[in-house]
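For reference, the structure discussed in these notes is given below.
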Amino acid sequence: MKPPWRESTGIIPWLILIAALLAIILTFKNRLFTKAYLIDNKEILNFISEAITSFVIFVGGILSYIRFFKGRILKPKLLIKANSGTLKAADDIQHWIETDFKNIGNVAIWNYDTTIYATIHSTKSYCVKLDEYMTMPYSLKGGE
């Protein structure tokens, strides 16, 4: 099911409009509203029409706010893919971490900082912040 702010692209709003017009025509056809009734009660009808207009503008404002900000504040903007592995050296095991960051939002991400923590699993597990790491050379990333 589509969210309410996506329904306006379908046929449902047109069906509601046609049903409302048919309901108005039916009230005049069955003489529920006559010209004399409308003239006698024009202040009440004016108040009702202004109240309905205010309500529709209020609901429309809320739905447009939700639709406008939905992609900006209600979804994550950064897709992070992380891979890791080990390499055997002569007397040691080297660990490698590869991360790929992709901005999937429509707003730029400025001044981001990469921080890597390693969790050491031994008899007593602990976490270490890695301050010294090597970045992949630009030529290997697909640059020239």
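The values are calculated or read from the model by the stated rules, or taken from the named source; none is laboratory data. Here the structure is a predicted model, which means the values were calculated and not measured. Please note: Cβ atoms are built from the backbone with ideal geometry, for glycine as well, and neighbour counts cover all protein chains shown.
The table that follows gives values for the structure above.
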read-out: Every pair of residues 6+ apart whose Cβ atoms lie under 6 Å, when the first sits in the stretch 42-71 and is outside the structural domain of residue 32 (by TED's automatic domain parsing) and more than 21 Å from residue 105 (Cα to Cα) while the second is in a helix (DSSP H, G or I) and modelled with pLDDT of 90 or more; value: none
read-out: The stretch 99-117, residues that are surrounded by 10 or more Cβ atoms within 10 Å (Cβ to Cβ) and in contact with a Gly (Cβ under 8 Å, 6 or more places away or on another chain); value: 105
read-out: Entirely in the stretch 46-144, the strands (runs of 3 or more DSSP E) that have 2 or more residues that are at pLDDT below 85, out of contact with any Phe, Trp or Tyr (no Cβ under 9 Å at 6 or more places or on another chain) and of a type in the set (A, V, I, L, M, F, W, C); value: 93-103
read-out: The one condition in (1) among the β-branched types (Val, Ile, Thr); (2) exposed (fewer than 10 other Cβ atoms within 10 Å of the Cβ); (3) outside the structural domain of residue 114 (by TED's automatic domain parsing) that residue 27 fails to fulfil; value: (2)
read-out: Residue list for the stretch 1-30, restricted to those being modelled with pLDDT of 80 or more and in a loop (DSSP other than H, G, I, E, B); value: 30
